[in-house]
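Below is one structure, written out as structure tokens, with a few remarks after it.
The values are calculated or read from the model by the stated rules, or taken from the named source; none is laboratory data. For clarity, every value in this text was computed on a predicted model and none was experimentally measured. Neighbour counts run over all protein chains shown; Cβ positions are idealised from the backbone, glycine included.
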Amino acid sequence: MKLSVTVTRGNPVVSFFLFSSFLLTIARGAVIPFLAVYMTAAFGESITSAGFALSLSSIAGIVLSLYAGRLARAENAWLTVFVLLLLFLLSVFLGALSGEFVTLTILLIVMNFAYSCIEILLRTYISGQKDIVDKKKIFSANYFAVNMGWALGPLLGALVQSWQLNAIFYAGAFASLFPLVWLIIRTDVLRGFSIQQAENNDALSTDSKTIPRPEDLSSGNLFLLTLASFFGAFVYGNPVAYLSQHLVQHYSAQTASSIVALMMFTNAAVVLLFQHYIISKITQSNMLKFLMIATGCFVVGLIIFFHANEYRPAWIAGMFLFALGEVIFVPALFLITDLIAPAYARGSYFSVQNLGAAGAAVSPFVMGYILSTTDSIIAFGFLGMAIFFSFLLIYCMRINQPRLNGS
């Protein structure tokens with residue numbers, strides 16, 4: 001990818017983070033989609049118990065990653081990232097050897113914690129770049145790497161699980177080994193380096209002032225952004241999960257599977273093809289307009305889904321609009337966090353905003369309950385209100401004002 005070559009040339013830190021992000025996402029993609037099947041087969045757990053464990057491990061990992069704000073201020077980033085990569089590798093590898101359901105759940109919490117921390121550290125580093133163009137380029141390259149990882153990971157997992165049930169863990173561990181090897185070989189990368197580099201005009205003279213103050217993290221804008229992230233992720237974070245639940249309720253398993261496969265391909269294609277162009281066009285002055293368009297894409301997509309029946313082109317069209325909305329919302333939330341975060345508290349702001357990712361974790365459970373107890377129109381209407389509320393919260397932040405940092 002030409003973009004990746006451009007942003008990584010002469011910057012080993014960016015090269016390492018993008019490489020790690022890609023391979024760790026492949027590792028998660030090889031494991032996570034198949035965990036429900038593994039838990040029911042290996043431990044005799046019900047689908048409900050397996051789903052609860054997956055959601056619990058995801059939410060717990062996200063909440064624990066609040067500590068990443070402190071890790072971003074560590075003076076030796078090499079040791080910090082090395083420990084996180086080692087935790088990720090061991091948690092995935094030991095998953096294959098765990099003989100207890102609870103033990104595996106704890107290992108999944110560790111895996112999600114380590115992954116979330118590394119992603120937060122990367123976003124903090126990107127936010128520290130002086131040039132907004134560089135920020136967008138690196139974020140776009142990472143967004144591409146993550147989506148490529150999610151496209152390739154499940155293929156790897158499906159391949160190896162056909163050989164042996166717990167082979168998904170070995171495949172994930174193997175993929176996550178390479179970033180660790182890179183870090184061991186290139187000891188100069190991140191050595192004596194701090195992820196959170198305070199800008200000269202924002203840096204303060206004493207150590208006590210470089211630590212985020214309670215009033216920084218209780219910022220009204222940060223609260224609104226985190227809540228907006230939660231409701232946004234609830235809608236676009238894992239749409240295939242609740243859409244597949246809707247399909248299974250109304251159509252045959254074969255029809256549902258074929259439609260889900262088409263939607264996943266459409267989502268991946270739109271994100272990979274359009275994300276760089278769209279991200280390059282988003283600015284502080286036009287961000288609300290873009291988010292308004294994204295909200296419209298989600299709402300129209302939901303309407304199409306509701307009326308699609310078994311007409312596959314309609315499902316493709318709906319997912320096309322959904323993916324466009326995601327491609328706008330995800331980078332916009334990053335850029336807004338960058339705008340409101342003081343230089344000395346970037347890591348803490350990104351770790352708090354990352355709590356919004358829990359929306360994607362609870363979405364399948366909440367939507368499953370709504371779909372099983374009410375009509376589909378109620379479920380899709382609820383999703384429409386959620387994404388509109390997310391936009392409304394961002395609108396209340398007045399992000400088009402010249403300066404938001406420290407607000």
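If you go through the range 316-350 and keep only what is small (Gly, Ala, Ser) and modelled with pLDDT of 90 or more, you end up with ALA317, GLY318, ALA323, GLY325, ALA332. Selection over the range 127-161 of residues that are closer than 16 Å to LEU23 by Cα and under 17 Å from the mean Cα position of the chain (by Cα) gives a count of 14.
Would you mind stating whether LEU86 is over 19 Å from the mean Cα position of the chain (by Cα) and assigned by the TED database to the domain that holds ASN166? Here the answer is yes, as LEU86 does meet what is asked.
Let's see how each residue does on (1) among the aliphatic types (A, V, I, L, M); (2) closer than 18 Å to VAL146 by Cα; (3) at pLDDT below 85:
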{"site": "PHE234", "(1), (2), (3)": "no, no, no"}
{"site": "HIS246", "(1), (2), (3)": "no, no, no"}
{"site": "SER252", "(1), (2), (3)": "no, no, yes"}
{"site": "THR255", "(1), (2), (3)": "no, no, yes"}
{"site": "ILE259", "(1), (2), (3)": "yes, no, no"}
{"site": "LEU262", "(1), (2), (3)": "yes, no, no"}
{"site": "ASN267", "(1), (2), (3)": "no, yes, no"}
{"site": "TYR277", "(1), (2), (3)": "no, yes, no"}
{"site": "LEU288", "(1), (2), (3)": "yes, no, no"}
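Of all the residues in the range 20-34, those that are modelled with pLDDT under 95 and either surrounded by fewer than 22 Cβ atoms within 10 Å (Cβ to Cβ) or aromatic (Phe, Trp, Tyr) (or both) number 3.
Flag: GLN284 matches the condition of being assigned to a loop (DSSP other than H, G, I, E, B), buried (at least 16 other Cβ atoms within 10 Å of the Cβ) and among the polar types (S, T, N, Q). Can you pull out every residue in the range 41-52 that is surrounded by fewer than 16 Cβ atoms within 10 Å (Cβ to Cβ), at pLDDT below 85 and under 22 Å from ALA167 (Cβ atoms)? Of everything in the range 41-52, just one residue is surrounded by fewer than 16 Cβ atoms within 10 Å (Cβ to Cβ), at pLDDT below 85 and under 22 Å from ALA167 (Cβ atoms), namely ILE47.
Here is a yes/no grid of residues against (1) under 22 Å from ALA145 (Cβ atoms); (2) under 19 Å from the mean Cα position of the chain (by Cα):
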{"position": "PRO33", "(1), (2)": "yes, yes"}
{"position": "ALA36", "(1), (2)": "no, no"}
{"position": "SER55", "(1), (2)": "no, yes"}
{"position": "ALA72", "(1), (2)": "yes, yes"}
{"position": "ALA77", "(1), (2)": "yes, no"}
{"position": "THR80", "(1), (2)": "yes, no"}
{"position": "VAL102", "(1), (2)": "no, no"}
{"position": "ILE118", "(1), (2)": "yes, yes"}
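When PHE329, PHE350, PHE306 are screened for being crowded, with 24+ Cβ neighbours inside 10 Å and farther than 15 Å from GLY232 by Cα, only PHE350 passes. Are any of the residues in the range 54-68 surrounded by 22 or more Cβ atoms within 10 Å (Cβ to Cβ), modelled with pLDDT under 90 and closer than 17 Å to ARG123 by Cβ? Yes: one or more hits.
The C-beta contact set for the range 367-380 (first residue farther than 14 Å from HIS250 by Cβ and in a helix (DSSP H, G or I), second residue of a type in the set (S, T, N, Q) and modelled with pLDDT under 85, distance under 7 angstrom, 6+ apart or interchain) comprises MET367/GLN245; GLY368/GLN245.
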